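Student: If you scroll down you'll find the structure; I have some questions about it.
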Amino acid sequence: MTPPSNPAAPRIAVFGSVNMDLVAYVSTAPGSGETVWGTRFAQVPGGKGANQAVAAARAGGDVVFLGAVGDDAFGTLLRGNLVESGIEVSGLRTVPGASGVAHIVVESSGDNSIIVIPGANGEVTGLRDGDERLLAGSAALLLQLELPMEGVIAAARAGRAAGVPTILTPAPARELPDELVGLVDLLVPNQHEAAAMTGEQDPYRALDALLGLVPEVIITLGEDGAVHGSRGERPVRGQARRVAVVDTTAAGDTFCGAFAVARAEGRGREEALRFAAAAAAISVQRPGAGTSMPDRAEIDRLLAKG
Ligand code: RIB
């Protein structure tokens, strides 16, 4: 699906992972030593970075992606998927060896568990010549934690040097080095990541604690929506839409990519939360990661319904 070219589209840079998702759909995930029948298998493009890039591009962003695939068959498919989504891939390197792979189990409730084998993503330990030029002038730089930490920090440094606001999704959860925290403008953890970082189960208390570290925070709460806080402003609650959930994989990535586009278009935080929640609500009604993100027309249609 190639988004229509729009000269007014905000430039969004994504420095992150790209994986082939190998997905088993089951009634209930097996426990250790247990074998169960699955209902379906799917191979779909994923990776937190690529998912955010595709979500932002379909939501109306002019997206540049920086990362790595392997020189295997998955690498060719993953690169092709980004290109088809209208994403600029001159910062996507091909390295010898396997591409990143994620083994995903999706239960009939829509909940999932994921094992990531980083492959080529593990080679992205820094920026290459020309990457700074690709980031420059972007309205936002999206980062996640599926690349080596030194690569994530190098990108955040380059973003700060270029005056590009950095949005970090701290997933998969890892200890955040102080330097990285100091380079983040907006942190978007889910409720579990926020609780792990702060020791606070209550999202508003976690928000307060995180605002002591970074200037702006969104905690995503799944079916309970999201809460947004900025230093010196009252927190704002965004509601999630009630929908029939098929697969929650990449819902958070979709939310983040769409939110970045909405803010870059100049929408206020309430409106941007509504836009992002609408994108995520559509994505959870579809199976898979890179296959589930809505395009701009679908998001606008849902928003028009109120
Ligand atoms: O956030 C969902 C993503 O996590 C999946 O697409 C999988 O590749 C893992 O990276």
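Student: Under a 10 Å cutoff between Cα atoms, tell me which one of Ala251, Ala279, Ala42 has the largest fluctuation in the Gaussian network model of the chain.
Tutor: With Cα springs under 10 Å in the chain, the top fluctuation among Ala251, Ala279, Ala42 is at Ala42.
Student: Which residue, Glu223, Glu132, Glu175, tops the fluctuation ranking in a GNM of the chain built on C-alpha contacts under 10 Å?
Tutor: Glu175
Student: Using alpha carbon centroids, what distance separates the range 45-95 and the range 200-214, in Å?
Tutor: 32 Å
Student: Using only the Cα atoms of the range 222-306, build the gyration tensor, take square roots of its eigenvalues as a ≥ b ≥ c, and label the shape rounded, prolate or oblate: rounded if a/c is under 1.5, else prolate if a/b is larger than b/c, else oblate. Each step should come with its number before you reach the end.
Tutor: On the way: a/c = 1.79, a/b = 1.54, b/c = 1.17.
The shape class here is prolate.
Student: Looking at Gln52, Ile153, Ala98, which one has the Cα that reaches farthest to the positive end of the dipole of the chain (charges on Cβ: Lys, Arg +1; Asp, Glu -1)?
Tutor: Gln52
Student: Among DSSP beta bridges whose residues both lie in the range 181-306, state the antiparallel percentage, nearest 5.
Tutor: Working: 8 of 11 bridges.
Around 75 percent of the beta bridges assigned by DSSP in the range 181-306 are antiparallel ones.
Student: Using a 10 Å cut-off around each Cβ, can you sort Leu213, Leu187 from fewest to most neighbouring Cβ atoms?
Tutor: Values: Leu213 15, Leu187 25.
Going from least to most buried by this count: Leu213, Leu187.
Student: Quick one: order Met20, Met197, Met149, Met293 by neighbouring beta-carbon count within 10 Å, fewest to most.
Tutor: Values: Met20 26, Met197 19, Met149 15, Met293 31.
If I rank by nearby Cβ atoms, fewest first, I get Met149, Met197, Met20, Met293.
Student: If you place +1 on the Cβ of every Lys and Arg and -1 on the Cβ of every Asp and Glu, how big does the dipole about the Cα centre of the range 203-248 come out, in debye to the nearest 20? Display every interim value, and only then the final one.
Tutor: Values: 6 positive and 6 negative charges, 32 e Å.
With Lys and Arg at +1 and Asp and Glu at -1, about 160 debye.
Student: Restricting to the range 1-66, compute how many DSSP beta bridges are antiparallel as a %, nearest 5.
Tutor: Values: 8 of 13 bridges.
In the range 1-66, approximately 60 percent of DSSP beta bridges are antiparallel ones.
Student: Provide the percentage of antiparallel DSSP beta bridges, counting only those with both residues in the range 1-136; round to the nearest 5.
Tutor: On the way: 14 of 33 bridges.
Roughly 40 percent of the beta bridges in the range 1-136 run antiparallel, per DSSP.
Student: Can you pull the Rg over Rh of the chain, Cα-only, Kirkwood?
Tutor: Details: Rg = 17.9 Å, Rh = 19.1 Å.
That ratio is 0.94, to two decimals.
Student: I want the local charge near Ala209. Using Cβ-Cβ distances under 13 Å, sum +1 for each Lys or Arg and -1 for each Asp or Glu among the other residues.
Tutor: Numbers: positive: Arg205, Arg231; negative: Glu193, Glu200, Asp202, Asp208.
Here the charged neighbours net out to -2.
Student: Excluding Glu223 itself, what net charge comes from residues whose Cβ is under 13 Å from its Cβ, given Lys and Arg +1 and Asp and Glu -1?
Tutor: Numbers: positive: Arg241, Arg242; negative: Asp111, Asp224.
Here the charged neighbours net out to 0.
Student: From the phi angles alone, apply the Karplus equation (6.51, -1.76, 1.60; θ = phi - 60°) to the range 260-272 and give each ³J(HN,Hα) in whole Hz, x where the residue is Gly or Pro.
Tutor: Couplings: 4, 5, 4, 5, 5, 7, x, 6, x, 5, 4, 5, 5 Hz.
Student: Given springs between every Cα pair under 10 Å in a Gaussian network model of the chain, which of Thr220, Thr249, Thr94 has the largest fluctuation?
Tutor: Thr94
Student: While we're looking at this one, here's another question. Return the calculated 222 nm mean residue ellipticity for the chain, to the nearest 500 deg cm²/dmol, obtained by summing -39500 (n - 2.57) across DSSP H runs with n ≥ 4 and dividing by the residue count. Write down the numbers at each step before the final one.
Tutor: Numbers: 10 runs with 102 residues, N = 306.
One gets -10000 deg cm²/dmol as the mean residue ellipticity at 222 nm.
Every number in this text was worked out from the coordinates using simple rules, so none of it is lab data. As the structure is a computational prediction, the values presented were derived from the model and not from experiment. Positions of Cβ are backbone-derived with ideal geometry, glycine not excepted, and every protein chain shown enters the neighbour counts.
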